[in-house]
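Structure first, then comments.
The values are calculated or read from the model by the stated rules, or taken from the named source; none is laboratory data. This is a predicted model, so every value here is computed, not measured. Note: ideal-geometry Cβ built from the backbone for every residue, glycine included; neighbour counts use all protein chains shown. Heads up: the accessible areas ignore ligands, DNA and RNA and are worked out on the full protein's heavy atoms, side chains in. Shrake-Rupley method; radii C 1.70, N 1.55, O 1.52, S 1.80 Å.
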Amino acid sequence: MSDIIQLFQERGQGHVFTFFDDLNEDEQAGLIAQAEQIDLDEIEALVNDLIQTKGEGNDAIADELEPADFVPLPENGDPALWQEAVEKGESALRTGRVAAFTVAGGQGTRLGYDGPKGKFGVTPVLKASLFQVFAEKILASTRLYGPAIPWYVMTSIINHEATVEYFEANDYFGLSPEKVLFFSQGLMPAVDAEGKILLADKANIALSPDGHGGALRALVRSGSIREMEANGIDVISYFQVDNPLVRCIDPAFVGFHIMTNSELSSKMVPKAYAEEKVGVFCQKDGEALVVEYSDLPDKLATEVDDNGALRFRAGSIAIHIFNRAFVHRLGSGKDAAAKLPFHLAHKKVPYLATNGELQTPSEPNAYKFEMFVFDALPFAANPTIIETAREDDFSPVKNAEGIDSAQTCRDDQLRQFARWTAAAGITLNTDETGLPEISFEVSPLFADSADRFVERWNGLAEKPELTNGLVLI
Ligand code: UTP
């Protein structure tokens with residue numbers, strides 16, 4: 001008997017191999033390989049800590065929380081400091097210290113799109129995909145600053161091949177193929193309430209991606225961190241696959257990160273209203289942390305300061321910059337005191353019962369374990385949080401309809417394009433929210449900021465008429 005089967009039996013997980021003798025050789029090897037990836041000590045500890053010892057509650061933290069400090073936008077703060085940050089950031093870009101990093105390993109259940117979410121078409125006219133928008137933004141920055149900016153893309157087993165094929169089929173959207181680097185994130189098994197690992201079918205364990213926080217260990221395990229070190233990269237610009245408004249490479253943000261010697265920097269937007277479902281940057285015992293909206297006690301979420309603004313208003317929009325050595329410290333697991341915790345998600349997971357029947361539960365029956373990237377914050381030295389304008393950095397596509405959907409994201413892109421044309425002196429007809437009457441599109445290769453738009457527009461020998469369907473490339 002294989003050692004791994006014996007080990008699973010000894011640890012009360014032998015049922016995973018119930019149907020082993022029914023499988024062909026390849027399937028047997030596949031199941032063994034999946035089992036070998038699972039750290040049974042880790043699973044046992046998680047089952048014990050998270051499932052069997054539940055319910056400590058979060059009320060205790062309420063009294064200890066303070067709002068986190070942040071650098072306000074130049075118009076609300078210190079323009080000279082922002083100028084200095086831009087210069088520092090640009091200099092880091094010119095010397096090739098910066099990599100872009102997208103986490104794209106999620107399942108995208110809420111959007112319900114069939115395929116890697118990055119393939120989803122989002123722009124108003126061309127319906128260019130999320131991946132294409134990011135690629136063109138990165139290409140635009142590379143053209144501006146010189147050295148090609150490497151782009152690391154984290155996938156997962158559910159979408160890795162389809163993602164790589166998509167880039168190949170589209171010639172990497174103009175980027176050098178050797179500068180686009182894919183790696184798959186880790187997986188965790190789903191377990192039942194007793195901590196038994198579930199089978200998806202006779203030959204497969206019910207595995208799912210280990211959360212965006214899994215990015216840190218995947219960056220290390222994949223060799224990406226070593227490669228960055230060899231190439232002189234120490235600044236990792238992190239963003240999520242669902243937000244086409246993000247400035248993938250933002251010199252001011254890079255500059256603040258470097259100037260403050262920060263191990264982990266983050267962008268915040270003031271929360272739109274107290275109940276908005278975003279995590280909030282806080283401080284506790286001198287450490288920065290993100291408190292999830294569901295964990296922030298109501299009395300804090302609604303508290304206002306002397307100016308009538310929400311006191312806990314620094315909303316997290318999942319845009320960060322990591323210092324490379326910091327990722328190595330957390331992701332390698334060598335520092336026992338600096339480990340991302342796992343969170344529990346109670347979900348409906350179809351599974352194969354030991355009698356060989358496939359069960360499709362109508363109620364949550366299983367627990368999944370996920371790490372969150374923002375849980376790295378308390379471990380970071382000199383964490384820096386800067387304010388950004390929501391309309392210039394954040395409009396995620398999460399849902400098929402309604403809030404944070406393709407429609408809201410399209411409208412936010414159009415509003416941004418209309419602001420850029422206004423900056424160049426062309427006033428479009430818009431509604432009261434700034435949404436123009438016409439649908440048009442500005443490719444990041446034409447411009448990816450208001451300043452750049454004005455420069456490019458003024459430089460056009462023949463200016464096109466801004467009509468429905470126009471695309472500026
Ligand atoms: P979400 O929390 O929106 O999850 O991920 P999701 O899986 O994409 O979508 P739902 O909840 O099933 O609808 C935020 C970002 O984190 C990435 C996603 O790809 C997205 O960029 N992510 C999430 C990972 O890379 N890996 C994960 O395990 C989870």
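Can you tell me the dipole magnitude for the range 101-212 around its Cα centre, using point charges on the Cβ only (Lys, Arg +1; Asp, Glu -1), in Debye to the nearest 20?
360
Residue 1 accessible area, nearest 10 Å², 1.4 Å probe?
The accessible area comes out at roughly 150 Å².
Give me the distance between the Cα centres of the range 120-175 and the range 248-298, rounded to whole Å.
26
Looking at the square roots a ≥ b ≥ c of the eigenvalues of the Cα gyration tensor of the range 301-418, which shape do they give, rounded for a/c under 1.5, prolate if a/b is larger than b/c, or oblate?
Oblate, because a/c is 1.5 or more while a/b does not exceed b/c.
Express the Stokes-Einstein translational diffusion coefficient of the range 131-239 in µm² s⁻¹, to the nearest whole number, given a Kirkwood radius over alpha-carbon pairs, 10 °C and a viscosity of 1.306 mPa s.
It comes out at roughly 100 µm²/s.
Which shape class applies to the range 113-178: rounded if a/c is under 1.5, otherwise prolate when a/b exceeds b/c and oblate if not, where a ≥ b ≥ c are the square roots of the Cα gyration tensor eigenvalues?
oblate
In the range 308-370, what percent of the accessible surface is made up of carbon and sulfur (1.4 Å probe, ligands and nucleic acids excluded)? Before the final figure, lay out each step's value.
Values: 1470 of 3040 Å².
The computed percentage sits at 48.
In degrees from 0 to 90, rounded to the nearest 10, what is the angle of the helix 406-423 Cα long axis to the longest principal axis of the chain?
20
How many percent of DSSP beta bridges within the chain run antiparallel, rounded to 5?
60
Does anyone have the angle between helix 79-94 and the longest principal axis of the chain? Alpha-carbon axes, 0 to 90°, nearest 10?
For 79-94 against the chain, the angle is about 60 degrees.
If each Cα of the range 236-395 is one equal point scatterer, what is log10 of I(q)/I(0) from the Debye formula at q = 0.10, 0.16 Å⁻¹?
So the normalised log intensities work out to -0.47, -0.99.
Give the average over all directions of the projected area of the C-alpha convex hull of the range 1-95, one decimal, in nm². Each step should come with its number before you reach the end.
Numbers: hull surface 56.2 nm².
Answer in nm², one decimal: 14.1.
With the convex hull built on the Cα atoms of the chain, state its orientation-averaged projected area in nm².
Taking the Cα atoms of the chain, their convex hull projects to 24.8 nm² on average.
Hull surface divided by four, with the convex hull built on the Cα atoms of the range 199-317: how many nm²?
Hull-based average projected area comes out at 11.8 nm².
Leaving out ligands and nucleic acids, and using a 1.4 Å probe, what accessible area per residue does the chain come to in Å²? Before the final figure, lay out the partial values.
Details: 21820 Å² over 473 residues.
Using a 1.4 Å probe on heavy atoms only, each residue of the chain averages 46 Å².
Ratio to report: Rg/Rh of the range 227-277, with Cα atoms as the point set and Rh obtained by the Kirkwood method; give two decimals. Write down the numbers at each step before the final one.
Numbers: Rg = 14.0 Å, Rh = 13.3 Å.
Reported Rg/Rh (Cα atoms, Kirkwood Rh): 1.05.
Straight-line reach from residue 277: which lysines have Cα under 17 Å away, leaving out those fewer than 8 places along the same chain?
Cross-link targets: 267, 299, 398.
Can you give the charge dipole size of the chain about its Cα centre, rounded to the nearest 20 debye, using +1 on the beta carbon of Lys and Arg and -1 on the beta carbon of Asp and Glu? Present the calculation step by step, with values, prior to reporting the outcome.
Values: 40 positive and 73 negative charges, 211 e Å.
Charge dipole of the chain: 1020 debye, to the nearest 20.
Filter the GluC sites (Glu not before Pro) in the range 249-305 to those in DSSP coil with at most 13 other Cβ atoms within 10 Å of their Cβ, and list the result.
275
Take the cross-link list 284/339; 119/202; 202/348; 339/368 and give me the ones stretching past 29 Å between alpha-carbons. Before the final figure, lay out the partial values.
On the way: 284/339 18 Å; 119/202 31 Å; 202/348 19 Å; 339/368 18 Å.
Pairs exceeding the cut-off: 119/202.
For residue 420, tell me the accessible area in Å² from a 1.4 Å probe, rounded to the nearest 10.
Number for this one is 20 Å².
Any chance you could check the Cα centroid distance between the range 380-412 and the range 9-43 for me, in angstrom?
41
Under a 1.4 angstrom probe, counting protein chains only, how are 433, 260, 360 ranked by accessible area, largest first?
Ranked list, largest accessible area first: 360, 433, 260.
Viscosity 0.692 mPa s, temperature 37 °C: Stokes-Einstein D of the range 56-133 from its Kirkwood Cα radius, in µm² per second?
Calculated translational D: 186 µm²/s.
Pop out the carbon and sulfur fraction of the accessible area of the range 133-199 as a percent, whole number, probe 1.4 Å. Working shown, then result.
Details: 1290 of 2570 Å².
About 50 percent, which is the carbon plus sulfur part of the accessible surface.
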